[in-house]
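Structure, as structure tokens:
The values are calculated or read from the model by the stated rules, or taken from the named source; none is laboratory data. What you see is a predicted model; the values in this text were computed from it and never measured. With ideal geometry, Cβ positions are generated from the backbone for all residues, glycine too; neighbour counts draw on all protein chains shown.
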């Protein structure tokens with residue numbers, strides 16, 4: 001024997017509820033997840049399946065890089081200026097070189113050299129075409145599901161030249177279809193007709209906006225295979241490559257720059273990176289050669305003047321010595337001579353540097369102003385030296401000045417001549433200050449997609465999405481899940497909690513097939529938990545009916561589908577099995593179907609009795625089960641509400657009450673029809689049926705109000721369809737003392 005009991009899982013005093021709306025109840029969410037575990041598992045499996053499909057079908061992305069080193073500046077025109085010029089020889093940092101590499105001059109040149117603006121690929125089958133092609137060993141037969149042109153094999157195409165008018169750039173792609181004999185056809189939505197060309201030969205055609213020129217070097221594909229070819233503008237391709245190219249300095253102040261790029265085509269990836277490196281090295285060499293050429297032209301113009309100046313000073317000094325002989329200088333004169341030569345040399349270097357700076361900057365530039373300050377300081381010191389020289393004897397003074405001029409001019413001319421030779425070496429030798437350390441090579445393994453990571457992320461995201469959806473569905477559910485909520489919010493007594501009856505589904509299938517006999521759960525499965533819980537109604541309703549002095553019970557609900565007919569039928573059978581003389585009346589003259597559960601015809605029932613077509617004795621089906629008589633609905637009337645308001649109903653019930661111990665009346669839902677309120681005036685107890693997860697508190701409250709308007713009071717509630725496998729019974733139960741429902745089995749006698 002089984003019994004159904006209700007136990008409190010949270011022994012909180014109901015008189016002092018704790019207002020903990022903001023408290024996170026982990027046990028509640030754990031119960032939600034356990035109850036909806038199959039939903040969470042299904043969403044997680046779906047997410048993992050999508051992740052695996054993406055990891056397998058997505059195009060592999062490869063990565064490669066090259067390294068360039070920025071060395072110290074090569075010898076240039078500034079070397080002849082000495083240490084002073086080195087103060088203003090600002091080297092370009094690695095960040096500046098990175099911007100040079102990223103410039104349109106470098107990237108655009110690489111795009112042009114590699115024809116990156118041409119995109120040509122086979123017309124693969126949607127979604128799985130590329131995946132099949134990566135595993136194919138040969139060419140495929142063109143076509144897919146009746147559509148021509150699609151391929152999935154090792155098809156390939158190589159285009160050496162593709163020039164189109166600007167109106168076709170960055171627009172819809174062209175389609176090349178392989179034909180027999182090395183021919184192909186070129187089509188486009190904006191072309192009036194297809195164009196036929198031959199592999200390896202130049203194809204030219206006058207189209208809207210200019211001339212189209214195409215050279216297809218190679219086509220690997222069977223006749224009918226299609227290839228999608230698009231022509232992007234040089235600027236758009238350059239800007240796209242600038243965004244994709246990653247440039248960074250390796251280490252701190254290492255002057256070693258790494259250029260990294262990702263692409264699905266390994267060969268194209270290698271070619272474009274190496275071309276970027278070559279373009280960068282070439283521009284650096286050209287820039288150095290241009291600087292050397294510019295300074296060399298200046299030196300070539302200055303060298304004859306300095307040579308003539310040196311020769312004049314040497315001739316003047318020679319004439320002086322011929323006239324006066326060799327003059328011996330004392331120690332003071334030698335020191336003054338060395339100082340004068342050094343100062344004069346620095347002054348000339350500074351003046352040369354100023355002229356070089358003025359070719360690039362204005363006189364207000366800070367660099368020029370610094371040089372002007374140095375020139376003024378050198379001249380001031382030379383004036384001091386000249387005053388000391390003026391105090392010497394005339395002969396010694398003239399000899400010192402002449403020798404100073406010879407030394408200064410000789411050193412300056414020699415320095416300029418050496419610089420000229422170095423600049424010619426830079427110009428002719430194509431020497432730059434950058435070099436390519438590592439060239440890009442074809443990578444072997446893709447960097448994307450990272451399959452284990454994608455699967456792991458899809459697992460995590462699917463699990464999180466499943467948990468979020470499960471909690472959201474639970475929180476958004478407006479139905480009642482806890483009978484305690486009915487008692488606390490409406491003040492109604494819950495007479496019985498009826499669990500889900502899985503056996504009832506089988507009975508409904510039998511009824512649908514037209515099976516005869518009594519297909520009622522109390523008959524076919526009397527030990528069911530649902531039937532055991534309905535037996536508890538006997539005591540509760542007996543007390544209610546004793547107070548009213550009536551033996552009539554009305555079973556109704558707020559809305560359809562709550563199981564009122566199930567409750568009324570099985571309760572009537574239970575009472576009949578207990579030895580009571582019971583009459584079950586189907587008063588739902590709109591959709592009543594109790595007759596099907598007992599294998600009875602619907603015609604000849606309550607509606608016919610109310611209409612006066614039959615007597616009550618003629619309409620009642622006697623002894624359908626021991627001690628149980630049934631009065632079906634009869635023919636559905638046109639105006640059931642008016643029939644229920646007739647005095648005939650009261651007469652029928654009064655007469656039946658004399659012959660039966662209990663009359664159970666099944667009526668339409670309260671919120672759907674007024675019939676229930678009309679019938680309620682003739683009964684002693686009203687039983688309202690609510691269904692787990694379907695009935696809402698507002699519906700019950702409105703039902704109670706409508707019956708109250710008819711001066712009738714609801715005796716109690718039957719909470720039907722409780723899911724015993726569920727652990728979560730709504731947040732209400734966790735706040736005010738949740739319930740756990742369990743099956744209590746009596747031990748069978750040996």
Report task. May I ask you to list pairs of residues, at least six apart or on different chains, whose Cβ atoms are under 7 Å apart, with the first in the range 526-551 being within 14 Å of residue 567 (Cβ to Cβ) and the second being surrounded by fewer than 17 Cβ atoms within 10 Å (Cβ to Cβ) and modelled with pLDDT of 80 or more? Result -> 528/503; 538/578
Report task. Take residue 140 and decide whether it is touching a residue at least 60 places away in the same chain (Cβ under 8 Å), surrounded by fewer than 17 Cβ atoms within 10 Å (Cβ to Cβ) and more than 28 Å from residue 241 (Cα to Cα). Result -> no
**Report entry** Any hit, the range 543-558, residues being over 25 Å from residue 701 (Cβ atoms), assigned by TED's automatic domain parsing to the domain that holds residue 719 and part of a helix (DSSP H, G or I)
**Finding:** yes
Requested in this report: Pairs only if they're at least six apart or on different chains, beta carbon under 8 angstrom, first in the range 605-621 and outside the structural domain of residue 589 (by TED's automatic domain parsing), second outside any helix (DSSP H, G or I) and surrounded by fewer than 21 Cβ atoms within 10 Å (Cβ to Cβ); list them, first residue then second.
Outcome: none
Report summary line: Those residues of the range 476-486 which are within 28 Å of residue 533 (Cβ to Cβ) and either touching a helix residue (DSSP H, G or I) at 6+ places or on another chain (Cβ under 7 Å) or exposed (fewer than 15 other Cβ atoms within 10 Å of the Cβ) (or both) amount to 477, 478, 479, 480, 482, 484, 485, 486
Query raised in the report: Just one of the numbered conditions (1) exposed (fewer than 15 other Cβ atoms within 10 Å of the Cβ); (2) touching a residue at least 60 places away in the same chain (Cβ under 8 Å) is not true of residue 196; which one?
Result: (2)
Requested in this report: Please enumerate the residues belonging to the range 244-281 that are part of a loop (DSSP other than H, G, I, E, B) and surrounded by 19 or more Cβ atoms within 10 Å (Cβ to Cβ).
Outcome: 245, 255
Query raised in the report: So how many residues does the range 98-137 have that are farther than 30 Å from residue 249 by Cα, part of a helix (DSSP H, G or I) and without any contact (Cβ under 8 Å) to a residue 40 or more places away in the chain?
Result: 3
Query raised in the report: Do we have residue 661 as farther than 18 Å from residue 520 by Cα, assigned by TED's automatic domain parsing to the domain that holds residue 526 and surrounded by fewer than 22 Cβ atoms within 10 Å (Cβ to Cβ) here?
Result: yes
